[in-house]
Amino acid sequence: MIPTSFTETYELNNGVRIPCIGFGTYKTPADDTCRAVLEAIDAGYRLIDTASFYGNESGVGKAVRTCGLPREDIFVTSKVWNTDRGYDKTLASFDRTMDALGLDYLDLFLIHWPASLKAYGERAKEINRDTWRALEKLYNDGRVKAIGLSNFLPHHIDEIMETESIKPMVNQIEFHPGWAQLSISDYCIRNGIAVEAWSPFARAAVLENETLVRTGIKYGKTSSQVTLRWIMQHGIIPLPKSVHRERMDSNLDSFDFMLNDQEMAEIDALKNLGGKCAMPDEMDD
Ligand SMILES: NC(=O)c1ccc[n+]([C@@H]2O[C@H](COP(=O)([O-])OP(=O)(O)OC[C@H]3O[C@@H](n4cnc5c(N)ncnc54)[C@H](OP(=O)(O)O)[C@@H]3O)[C@@H](O)[C@H]2O)c1
């Protein structure tokens, strides 16, 4: 499915529906998060992405509680941070997340990063399985509607699936022009795991790119809109972040044109435009 409106949703592998575009909050200051998220909801975003690491969950929760929409209309995601991996620490971290959000349930809870091979060697596999078992418990207890991963490579997913029972519903990965991780997204989609794109603009680094600007001119669109369209035409859910209302609106205005195969291939092939370009197995933690 290629969405033609920001109101469309995908079905996760457990039947839960997830909006086709989300709103990012990394680096949104804690004291400005409630305002930004309220404006995003007013603009039409229904998926809000936060994490304990961002330090702004309470602002997200306050916006969700005060926006005037029923709780079930908003899809809230948070993540367990690297220092809280493992079964017991993950459960405790989830409790802190829910206290900060002030919500009764979460829509999606993710493991923020896999324990890396570089930092943990052979132990990484066991740590990731223990953390996943905590997410399974939260899911089975009805405290979260869906559970998933972030920055997991196919081998990390396979390692969890060798011993654990619930298949992840989502993998959130870095995905932007210049860092089109298509082998990971294809693997996930083939296996019924929805893919979300973090840093869709590589934190604005891609927006001056000549290919993206030129393609946008053809359709009367900006390079940011072309970028989001390219991600969505790959069947991936982008999570653009902005603290500015006009950019929130502009990023939602990315549904009324279609890139052709040649344009898709040209953007797929772009290299070295910036962004984190993280290698999860080589992280220090
Ligand atoms: N799972 C993970 O490991 C992970 C890692 C990083 C991010 N994330 C998630 O993914 C979300 C998005 O990634 P990101 O925040 O790193 O970066 P991003 O969305 O790629 O880029 C955000 C930057 O682009 C600017 N921007 C947004 N829309 C624009 C537009 N239409 N025109 C010009 N500039 C625009 C923003 O500026 P203003 O805000 O000033 O408008 C901000 O500086 C995060 O917020 C977070 O929720 C997850």
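Which whole-angstrom value gives the distance between the alpha carbon centres of region 175-247 and region 62-134?
Distance between centres, Cα-based: 25 Å.
Which ³J(HN,Hα) values in Hz, rounded to whole numbers, follow from the phi angles of region 132-146 under the Karplus curve 6.51 cos²θ - 1.76 cosθ + 1.60, where θ = phi - 60° and Gly and Pro get x?
Those phi angles translate into 5, 4, 5, 5, 4, 4, 4, 5, 5, 7, x, 8, 9, 7, 8 Hz.
With θ set to phi - 60°, apply the Karplus curve 6.51 cos²θ - 1.76 cosθ + 1.60 along region 76-91 and write out the HN-Hα couplings as whole Hz, x wherever there is a Gly or Pro.
Residue by residue, region 76-91 yields 10, 10, 9, 9, 8, 7, 4, 6, 10, 5, x, 4, 5, 5, 5, 4 Hz.
Restricting to DSSP H runs of at least four residues, report the calculated mean residue ellipticity at 222 nm for the chain, -39500 (n - 2.57) per run over all residues, nearest 500 deg cm²/dmol.
When only DSSP H runs of four or more count, the value is -12500 deg cm²/dmol.
Mind jotting down the three principal axis lengths of region 187-273 based on Cα atoms? Whole angstrom, largest first.
35, 31, 28 Å, listed from the longest principal axis down.
Considering all alpha-carbon pairs of region 1-70, what whole percent are spaced by more than 13 angstrom?
Tail of the P(r) past 13 Å holds 65 percent of the pairs.
Where nothing but the Cβ of Lys and Arg (+1) and of Asp and Glu (-1) is charged, how large is the charge dipole of the chain around its Cα centre, in debye to the nearest 20?
In total the dipole reaches around 300 debye.
Could you check which residue among GLY275, GLY68, GLY178 shows the biggest mean-square fluctuation in a GNM of the chain with a 10 Å Cα cutoff?
Answer for the Gaussian network model of the chain: GLY68.
With θ set to phi - 60° and the Karplus curve 6.51 cos²θ - 1.76 cosθ + 1.60, what are the ³J(HN,Hα) couplings of region 213-227 in order, to the nearest whole Hz, using x for Gly and Pro?
5, 4, 4, x, 4, 4, 9, x, 10, 8, 5, 5, 5, 4, 4
Under 23 Å between alpha carbons, and skipping anything fewer than 8 positions from LYS27 in its own chain: which lysines qualify?
Within the straight-line limit of under 23 Å, LYS27 reaches these lysines: LYS62, LYS79, LYS241, LYS276.
Taking neighbour counts of Cβ atoms within 10 Å as a proxy for exposure, in what order, fewest first, do SER199, SER242 appear?
Ascending Cβ contact count within 10 Å gives the list SER242, SER199.
Can you pull the one-decimal nm distance between simple spin-label points at ASP281 and HIS155, each 7 Å off the Cα toward Cβ?
Label-label distance for ASP281 and HIS155, simple model: 0.3 nm.
Which number comes out as Rg/Rh for the chain once both Rg and the Kirkwood Rh are worked out on C-alpha atoms?
Expressed as Rg/Rh, it is 0.95.
To the nearest 20 Debye, how big is the dipole of region 50-165 about its Cα centre, given +1 on the beta carbon of each Lys and Arg and -1 on that of each Asp and Glu?
So the magnitude is around 300 debye.
If you stretched the chain out fully between VAL213 and MET1, how much longer would it get, using 0.36 nm times the residue separation minus the C-alpha to C-alpha distance?
Full extension from VAL213 to MET1 adds 73.8 nm.
Can you list which of the GluC sites (Glu not before Pro) found in region 64-133 are DSSP loop residues with at most 11 other C-beta atoms within 10 Å?
Those that pass, being in a loop and sparsely packed, are GLU122.
Restricting the calculation to Cα positions, tell me the Rg (one decimal) and the Dmax (whole number) of region 185-224 in Å.
Looking at region 185-224, its Cα Rg and Dmax stand at 13.7, 36 Å.
Quick one: dipole size for region 6-48, taken about the Cα centre, charges +1 on Lys/Arg Cβ and -1 on Asp/Glu Cβ, in debye to the nearest 20.
100
Taken together, the values in this text are just the output of simple stated rules run on the coordinates, not laboratory data. Please read all numbers here as calculations on a predicted model, not as lab measurements. Methodologically, a virtual Cβ is constructed for each residue, glycine included, from the backbone with ideal geometry; neighbour enumeration extends over all protein chains shown.
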